[in-house]
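*Asks:* Attaching a single structure in structure tokens format; questions to follow.
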Amino acid sequence: MKILVCISQVPDTTTKIILKDNDTAINSQGTTYIINPYDEWYALVRAIELKESGIATEIHLVTVGKADIEPVIRKALALGGDEAIRIDAESIDPYQTAVYIADYTKSAGYDLVLCGKESIDYNNGTTGVLLAELLDMDYIGFATSVKIEGNVAIVNREIEGGEETDSCNLPVVIACQKGVAEARIPNMRGIMAARTRPLKVIAPSAITPLTAILSYELPPAKAGVKLVSADNMDELVALLHTEAKSI
Amino acid sequence: MSVIVLVEHTGGNIKKKSFEAVQYAAQIAQQTATTVTAVVLGSIADAEMEALGNYGASKVIHIADNRLDELHARAYTTALVNIARAEDSKIIITLYDINGRAVAPRVAAQLKAGIVAGALSYPNLEKGFAIKKSVFSGKAFAWVNVLSDVKVIMLMPNTFQLSKTDGKATIEKQDISFSEKDFGIKVTAVNKVTGEIALTDATLVVSGGRGMKGPENWGLIEDLAKELGAATACSRPVADTHWRPHHEHVGQTGGTIRPDLYIAVGISGAIQHLAGVNGSKTIVVINSDPEAPFFKAANYGVVGDAMAVLPKLTAAVKKFKEQHH
Ligand SMILES: Cc1cc2nc3c(=O)[nH]c(=O)nc-3n(C[C@H](O)[C@H](O)[C@H](O)COP(=O)(O)OP(=O)(O)OC[C@H]3O[C@@H](n4cnc5c(N)ncnc54)[C@H](O)[C@@H]3O)c2cc1C
Ligand SMILES: Nc1ncnc2c1ncn2[C@@H]1O[C@H](COP(=O)(O)O)[C@@H](O)[C@H]1O
């Protein structure tokens, strides 16, 4: 069984967001990029577990991005991928990104496509669903566990107000979140071995984006905390009622 | 040309956030000089659907097929795409929640529509079709311009106040023929958390961190939540050490919530935790350390020992409720 894991690179969470060019762009100078946590901790680690247990034979990683993100995809390879594919384009339109990945994936014959619940940069959570639609595959989002039995994926997923267990024939796209795998970190050997693993670069297909970001805004600064004495909880409740209007 | 909106219901009751989506759609319909068609799928009574008129729907299309009582995203997509084509709709709206997120991108791909995931504003038509959404886990907002002719919007729940009108909607029954692949995913078990308030829908949330010391003290969190009618949440280490179930974990690697009120007890306020809760309208922090970073992100703060403060706060809420009834 061949697994494809979709890896997106995102600014480290602790990054302070600074705007530039009249608020039309984010200043990325000095920003450290990491593997999107959902892709790394859950999708990729689960793929590795499936390979270690003999269910998967090969793990490929795909990312849409320019050459400067190669350290991120190298780190993903060090964790356990057999081969990486970088589609050489910059895209923040999910449709465009999904078409790039779909066009590559169509002829590659993957049995399982794993992605993350969402990227922590643009917080869309749409790429995986779009990919499934473009590939005419089923999609299971918000997965909390992924098992493979023969040609069938058995998936627990979060639903409105609870959880359910789904079964679905392969191939399928599954978006992973907490629960799917336990986190782990690469060892030095993995990092050395990853240097020799192939990182293929392919050209993107021609597709125009359907959305564009016009500008950014930073949230207004908090007015400052109003401290209430621990002995005066009646006052806190009154403030929550009259001032905050939340109860 | 109508604006289409997907309505969610549970056990035959329309969800409050779906009324909000209909009202949002009505405002956009007014901006673009058209009307709202609400789409309801699965088993539900006509009387319940009529209420959609109160929030601005002029027509309700009901597909009563009971297979649609469960989320079958591809079947939902087939229904929405069929209706959108028949009505020549240019704008399709769902919620930015578990159901909407499984359906809207599929609809968008079929209709070659650009998507806004998690809309926080009405479209600005002077700038094109630009909608505000949260990015970088709440650290910034982006105005996303939809360039395509057809637009798909997922509305962030709990963004707009509901206001009821005496509008009326007509209900139209439709049948749609689905294909086998629309039901490719088989649901083999469902485990609904009953009796508790679903965290993602809750307007009030009480959350505990490592400062609660251990699971044996969680009764204090639950008592306050119960008194308020709030859902409960926790920080990541609390879920990781199994003091609390995983679905309660909020933050960058857990759930994202935007309640009206978030009460954080014994949580330090790490940036990864804030990423999941900084969309809350009001934040109350209870922490024994006056230097805890969470106070910087809070509206109200109480410096003190949670074990002593929580019972007092619960009693104060109780007293308040008795006086206001
Ligand atoms: C990539 C990554 C992703 C992460 N994702 C998440 C995430 O999704 N969600 C998340 O929550 N964390 C996440 N974390 C972890 C995060 O960085 C913090 O470590 C975590 O949020 C701390 O949890 P805490 O506040 O409960 O515990 P602590 O940091 O230990 O804080 C406990 C707090 O309780 C206070 N306290 C102690 N005793 C009392 C008392 N008696 N009464 C009142 N207050 C008391 C202390 O002053 C302190 O502020 C992530 C970290 C990384 C690196
Ligand atoms: N540029 C990208 N390259 C590869 N995979 C991506 C990219 N962007 C998003 N994905 C995948 O799609 C998931 C959802 O991302 P998003 O729709 O951007 O929130 C991510 O967790 C990744 O698995």
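The values are calculated or read from the model by the stated rules, or taken from the named source; none is laboratory data. In this text the structure is predicted, and so the values were computed from the model without any measurement. Here the Cβ positions follow ideal geometry from the backbone for every residue, glycine too, while neighbour counts run over all protein chains shown.
*Asks:* Inspect region A:79-101 for any residue being of a type outside the set (V, I, T), within 16 Å of ligand 1 (Cβ to nearest atom) and at pLDDT below 95 and give the result as yes or no. Spell out how you get there, then give the answer.
*Replies:* Within region A:79-101, the subset of a type outside the set (V, I, T) is A:79-84, A:86, A:88-91, A:93-96, A:98, A:100.
Still in the list and also within 16 Å of ligand 1 (Cβ to nearest atom): A:79.
Next cut, at pLDDT below 95 only: A:79.
So far as region A:79-101 goes, yes, one or more of its residues are of a type outside the set (V, I, T), within 16 Å of ligand 1 (Cβ to nearest atom) and at pLDDT below 95.
*Asks:* Looking at region A:1-42, which of its residues are within 18 Å of A:S215 (Cα to Cα) and within 16 Å of ligand 2 (Cβ to nearest atom)?
*Replies:* A:I26, A:S28 - these are the residues of region A:1-42 that are within 18 Å of A:S215 (Cα to Cα) and within 16 Å of ligand 2 (Cβ to nearest atom).
*Asks:* Among (1) touching a helix residue (DSSP H, G or I) at 6+ places or on another chain (Cβ under 7 Å); (2) among the small types (G, A, S); (3) free of Cβ contacts under 8 Å to residues at least 24 places away in the same chain, where does B:A33 come up short?
*Replies:* Result: B:A33 passes all but (1).
*Asks:* Failed condition for B:Y96, given (1) touching a Phe, Trp or Tyr at 6+ places or on another chain (Cβ under 8 Å); (2) buried (at least 20 other Cβ atoms within 10 Å of the Cβ); (3) hydroxyl-bearing (S, T, Y), with all others met?
*Replies:* Of (1) touching a Phe, Trp or Tyr at 6+ places or on another chain (Cβ under 8 Å); (2) buried (at least 20 other Cβ atoms within 10 Å of the Cβ); (3) hydroxyl-bearing (S, T, Y), only one is false for B:Y96: (1).
*Asks:* Does region B:237-250 contain any residue that is within 7 Å of chain A (Cβ to nearest Cβ) and modelled with pLDDT of 95 or more?
*Replies:* So far as region B:237-250 goes, no, none of its residues is within 7 Å of chain A (Cβ to nearest Cβ) and modelled with pLDDT of 95 or more.
*Asks:* Restricting to region B:245-255, name every residue that is within 16 Å of ligand 2 (Cβ to nearest atom) and not in a loop (DSSP other than H, G, I, E, B).
*Replies:* Answer for region B:245-255, where residues must be within 16 Å of ligand 2 (Cβ to nearest atom) and not in a loop (DSSP other than H, G, I, E, B): just B:G255.
*Asks:* If the Cβ limit is 6 Å and pairs must be 6+ apart or interchain, which residue in region A:16-40 that is touching a residue at least 24 places away in the same chain (Cβ under 8 Å) pairs with which residue that is away from ligand 1 (no atom under 16 Å from the Cβ)?
*Replies:* As it stands, the answer is A:I17/B:A140; A:L19/A:Y216; A:D23/A:S215; A:D23/A:Y216; A:T24/A:S215, since those pairs meet every condition given.
*Asks:* Do we find a residue being touching a residue at least 12 places away in the same chain (Cβ under 8 Å) and not in a strand (DSSP E or B) anywhere in region A:224-238?
*Replies:* no
*Asks:* Let me ask something additional. Condition check: on the phi > 0 side of the Ramachandran plot and in contact (Cβ under 8 Å) with a residue 24 or more places away in the chain. Does B:G269 satisfy that? Give the steps one after another, and end with the answer.
*Replies:* Working: on the phi > 0 side of the Ramachandran plot: yes; in contact (Cβ under 8 Å) with a residue 24 or more places away in the chain: yes.
In short, yes.
*Asks:* Give the residue, chosen from A:V5, A:V10, that is modelled with pLDDT of 95 or more, buried (at least 21 other Cβ atoms within 10 Å of the Cβ) and either within 16 Å of ligand 1 (Cβ to nearest atom) or assigned to a helix (DSSP H, G or I) (or both).
*Replies:* A:V10
*Asks:* Can you tell which of A:I55, A:I59 is away from ligand 2 (no atom under 13 Å from the Cβ), more than 13 Å from chain B (Cβ to nearest Cβ) and part of a loop (DSSP other than H, G, I, E, B)?
*Replies:* A:I55
*Asks:* Quick check on B:G276: is it closer than 15 Å to B:D201 by Cβ and either at pLDDT 90 or above or within 16 Å of ligand 2 (Cβ to nearest atom) (or both)?
*Replies:* The answer is no for B:G276.
*Asks:* Could you list all residues from region B:281-316 that are of a type in the set (S, T, N, Q) and away from ligand 1 (no atom under 13 Å from the Cβ)?
*Replies:* Residues satisfying the conditions are B:T282, B:N299, B:T314.
*Asks:* Of the conditions (1) part of a strand (DSSP E or B); (2) under 26 Å from A:A175 (Cα atoms); (3) more than 19 Å from the chain's Cα centre (by Cα); (4) not basic (K, R), B:T78 satisfies every one except a single condition; which number is it?
*Replies:* Of (1) part of a strand (DSSP E or B); (2) under 26 Å from A:A175 (Cα atoms); (3) more than 19 Å from the chain's Cα centre (by Cα); (4) not basic (K, R), only one is false for B:T78: (1).
*Asks:* Go through region A:138-178 and give me each residue that's more than 13 Å from ligand 2 (Cβ to nearest atom), surrounded by 21 or more Cβ atoms within 10 Å (Cβ to Cβ), more than 9 Å from chain B (Cβ to nearest Cβ) and of a type outside the set (G, A, S).
*Replies:* If the condition is that a residue be more than 13 Å from ligand 2 (Cβ to nearest atom), surrounded by 21 or more Cβ atoms within 10 Å (Cβ to Cβ), more than 9 Å from chain B (Cβ to nearest Cβ) and of a type outside the set (G, A, S), then A:V146, A:P171 are the ones that fit.
*Asks:* Going by the structure shown, is B:V265 more than 8 Å from ligand 1 (Cβ to nearest atom) and β-branched (V, I, T)?
*Replies:* Values: more than 8 Å from ligand 1 (Cβ to nearest atom): no; β-branched (V, I, T): yes.
The answer is no for B:V265.
*Asks:* Out of the residues in region B:251-262 that are within 11 Å of chain A (Cβ to nearest Cβ) and not polar (S, T, N, Q), state the one that is nearest to ligand 1 (Cβ to nearest atom).
*Replies:* B:G251
Residue-by-condition table, conditions (1) away from every other protein chain (no Cβ under 14 Å); (2) over 16 Å from the mean Cα position of the chain (by Cα); (3) among the charged types (D, E, K, R):
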{"position": "A:M1", "(1), (2), (3)": "yes, yes, no"}
{"position": "A:Y38", "(1), (2), (3)": "no, no, no"}
{"position": "A:G65", "(1), (2), (3)": "yes, no, no"}
{"position": "A:K75", "(1), (2), (3)": "yes, no, yes"}
{"position": "A:D82", "(1), (2), (3)": "yes, yes, yes"}
{"position": "A:R86", "(1), (2), (3)": "yes, no, yes"}
{"position": "A:T97", "(1), (2), (3)": "no, no, no"}
{"position": "A:D103", "(1), (2), (3)": "no, yes, yes"}
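*Asks:* Would you kindly identify the strands (runs of 3 or more DSSP E) lying entirely within region B:116-194 that contain at least 3 residues that are more than 7 Å from chain A (Cβ to nearest Cβ)?
*Replies:* Where strands (runs of 3 or more DSSP E) fall fully within region B:116-194 and carry at least 3 residues being more than 7 Å from chain A (Cβ to nearest Cβ), they are B:130-135, B:151-155, B:170-173.
Here's the yes/no breakdown for (1) modelled with pLDDT of 95 or more; (2) out of contact with any helix residue (DSSP H, G or I) (no Cβ under 8 Å at 6 or more places or on another chain); (3) under 15 Å from B:V205 (Cβ atoms); (4) aliphatic (A, V, I, L, M):
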residue	(1), (2), (3), (4)
B:I267	yes, no, yes, yes
B:A270	yes, no, no, yes
B:T282	yes, no, yes, no
B:P290	yes, yes, no, no
B:M307	yes, no, no, yes
B:K319	yes, no, no, no
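*Asks:* Filter region A:199-247 down to residues that are facing chain B (nearest Cβ under 7 Å) and among the β-branched types (V, I, T) and give me whichever is surrounded by the most Cβ atoms within 10 Å (Cβ to Cβ).
*Replies:* A:T211
*Asks:* Taking region B:16-46 as the region of interest, how many residues are closer than 18 Å to B:I153 by Cα and buried (at least 20 other Cβ atoms within 10 Å of the Cβ)?
*Replies:* 17
*Asks:* Would you pick out the residues in region B:54-98 that are within 14 Å of chain A (Cβ to nearest Cβ), among the polar types (S, T, N, Q) and within 24 Å of B:F129 (Cβ to Cβ)?
*Replies:* If the condition is that a residue be within 14 Å of chain A (Cβ to nearest Cβ), among the polar types (S, T, N, Q) and within 24 Å of B:F129 (Cβ to Cβ), then B:T77, B:T94 are the ones that fit.
*Asks:* Ok, one more. Looking at the structure I just gave you, is B:V277 facing chain A (nearest Cβ under 9 Å) and either touching a residue at least 24 places away in the same chain (Cβ under 8 Å) or among the hydrophobic types (A, V, I, L, M, F, W, C) (or both)? Give the steps one after another, and end with the answer.
*Replies:* On the way: facing chain A (nearest Cβ under 9 Å): no; either touching a residue at least 24 places away in the same chain (Cβ under 8 Å) or among the hydrophobic types (A, V, I, L, M, F, W, C) (or both): yes.
In short, no.
*Asks:* Let me ask something additional. So, A:L19, is that one within 14 Å of chain B (Cβ to nearest Cβ) and either buried (at least 21 other Cβ atoms within 10 Å of the Cβ) or more than 17 Å from the chain's Cα centre (by Cα) (or both) or not?
*Replies:* yes
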